[in-house]
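Below: one structure, written as C-alpha cells.
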Amino acid sequence: MFSQLYRRCVVLIALLLSACSGAASLSPVPSPSPVPTAGPTATPQVAAAQPIATPLPEPTRLPNLGGDIIIDGSSTVYPITEIVMQQFAAVAPNVNIQLGVSGTGGGFKKFCTGITDISNASRPIKPDESEICRANGIEFVEAPIAFDGISVIVNRENTWAQCMTVDELKRMWAPESEGNITTWRQIRADWPDQPFKLYAPGVDSGTHDYFTAAIVGKEDASRNDYIGSEDDYVLMQRVIEETNGLAYVGYAYYQEYTDKVNAVAIDAGQGCISPSINTITDGQYTPLSRPLFIYVRADRLDRPDVQAFVKFYLDSADRAVRDARYIPLPQRAYELVQQRVARRVTGSIFDKPVPVGVSIDELLILEGQ
C-alpha cells in the first residue's frame, strides 16, 4: 500500500513546476537523543547549527492568548516547525509549545492515540494509521507544507562514490545483502575493496519508509546491519568521522553541512542527478523527492491557540521553509491548504488514486468539492 502512496507522491512532485506554463495549475508544489536500531551505541551528535529564521512582517500580537500545544513526529520537518514556533513565540508569548522528535511513524502513534495536537510527517499518513485515528475518534486535517529530496551522503574523502544508480543503492541496502554485500567493490568493480559502513534513520522514521519503498521497492525492506537514529545530526556526525560511511538524510541536513560531506548523485535512468532546489522541484531528482506535511487534529482547531498557531504556520510557511533550507510549495498551494484548514476538510488526499497530470493545488480543489 505504501508503494502506491509513494508513486502518487512522485507524480505530484514531478508535475508541480511543469504546470507553471499553464493557467490551470501551478508549479510544484532537530535534535533529541539518538535511538540506535542496530550496531554499537551512536556517538554524540554534531552540534546543531540553528536554522536562521528570517524576520517576518510584523504580525498581529496576541499577548492574551494562552494554551499548551504538543507537537511531535518527523525529524525532517522539525527544523521548519522549530522556526515557526520561535517566531510564533514573539507573537503569542503565553502559548507554550512542546516540540519533540520521534520520527514520522512514532509521531503518528502519539497523534492517533490522542497524545499530541499536531504531527510533523515526512510522508503521507498510512491507511492503518488513519484507521487507528478513526478508532480513537480522532479526525485530522492534512497540510502539505514543503518539498524535500532525501540526500545520500558520504565522507568528503570518498572520491569514488560520486554517483550511484538506483540498482546499486538497492544492492547496498536490500535485506538479502546483509552479510553478503559489504565492500565498495561489490557495488562497483572499480571501487575500493574496503568495507562500507551504513547509517540510516530509525524504523519509525518517514525517511526510512520513503527510502526503502523508493530504492528497495518495499517499505521497511532493508538490511539491519546499520547504525540507525531518529536524529539526522547523529547520522551526519557518523559520516563526517567515517571515511567509508554512507547515510541518507533530509535535504536540509545535507545543506547545513555541504562543507563536511558530499552528496551522491542518483542515476534513475536519466543520468546522474544531484539533489538541489532545481532538481527536486522540477522532478529530475528521482525517486527521492517527496512532499512534507503537518497533520492537525480537527477538534483542536476549535481551540484559539491551535487555530492561531496553524494559521501563523501557513501564513509564514514559504519563508520558514526557505530558512530551514527546504523547498516551498507554490503560493497558490499554500492558499488552498489554508482554505482546507479553515473548512476543516479531514482525511488524506493520498487515500485515493491520484489522476495522472493533477498537481497538488488542483488536487486540493478537487478534494474540497
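Please verify whether ASP204 is open to solvent by 30 Å² or more (accessible area, probe 1.4 Å), within 22 Å of GLU178 (Cα to Cα) and outside any helix (DSSP H, G or I), treating the condition exactly as stated.
Details: open to solvent by 30 Å² or more (accessible area, probe 1.4 Å): yes; within 22 Å of GLU178 (Cα to Cα): yes; outside any helix (DSSP H, G or I): yes.
Judged against the criteria, ASP204 is a match.
From the residues in region 334-366 that are over 22 Å from the mean Cα position of the chain (by Cα) and modelled with pLDDT under 50, which one is least open to solvent (accessible area, probe 1.4 Å)?
Ranking the candidates gives GLY357 first.
Counting only residues that are open to solvent by 30 Å² or more (accessible area, probe 1.4 Å), give me the strands (runs of 3 or more DSSP E) lying completely in region 88-198 with at least 2 of them. Full working, then the answer.
Numbers: elements: 95-99, 118-121, 140-149, 151-155, 163-165.
Filter on region 88-198 gives 95-99.
Of all the residues that make up region 293-309, how many are β-branched (Val, Ile, Thr) and either farther than 27 Å from GLU256 by Cα or surrounded by fewer than 24 Cβ atoms within 10 Å (Cβ to Cβ) (or both)?
2
Just to be sure before I move on: is ARG171 within 30 Å of GLU241 (Cβ to Cβ) and basic (Lys, Arg) in the structure I sent? Even if it seems obvious, please write down each step before you answer.
On the way: within 30 Å of GLU241 (Cβ to Cβ): yes; basic (Lys, Arg): yes.
Taking the combined requirement at face value, the residue satisfies it.
Pairs under 6 Å by beta carbon, first residue small (Gly, Ala, Ser) in region 240-264, partner open to solvent by 40 Å² or more (accessible area, probe 1.4 Å), six or more apart or different chains?
GLY245/LYS197; ALA252/ARG325; ALA263/SER274
Being crowded, with 20+ Cβ neighbours inside 10 Å and out of contact with any strand residue (DSSP E or B) (no Cβ under 8 Å at 6 or more places or on another chain) is the filter here; which residues of region 244-256 pass it?
Filtering region 244-256 down to residues crowded, with 20+ Cβ neighbours inside 10 Å leaves 245-254, 256.
Selection gives GLU256 alone.
Starting from region 321-337, keep only residues that are within 7 Å of ALA146 (Cβ to Cβ), then list their pairs with residues that are open to solvent by less than 20 Å² (accessible area, probe 1.4 Å) and assigned to a helix (DSSP H, G or I) whose Cβ atoms are within a distance under 6 Å, requiring at least 6 positions of separation or different chains.
Pairs that qualify, where the first residue is within 7 Å of ALA146 (Cβ to Cβ) and the partner is open to solvent by less than 20 Å² (accessible area, probe 1.4 Å) and assigned to a helix (DSSP H, G or I), are VAL321/ILE80; TYR326/ALA252; ILE327/ILE280; ILE327/THR281; PRO328/VAL321.
The values are calculated or read from the model by the stated rules, or taken from the named source; none is laboratory data. Being a predicted model, the structure only gives us computed values, none of them experimental. Glycine gets a Cβ as well: all are built from the backbone with ideal geometry, and neighbour counts include every protein chain shown. In case anyone asks, the SASA skips ligands and DNA or RNA and just uses the protein heavy atoms, side chains included. Shrake-Rupley method; radii C 1.70, N 1.55, O 1.52, S 1.80 Å.
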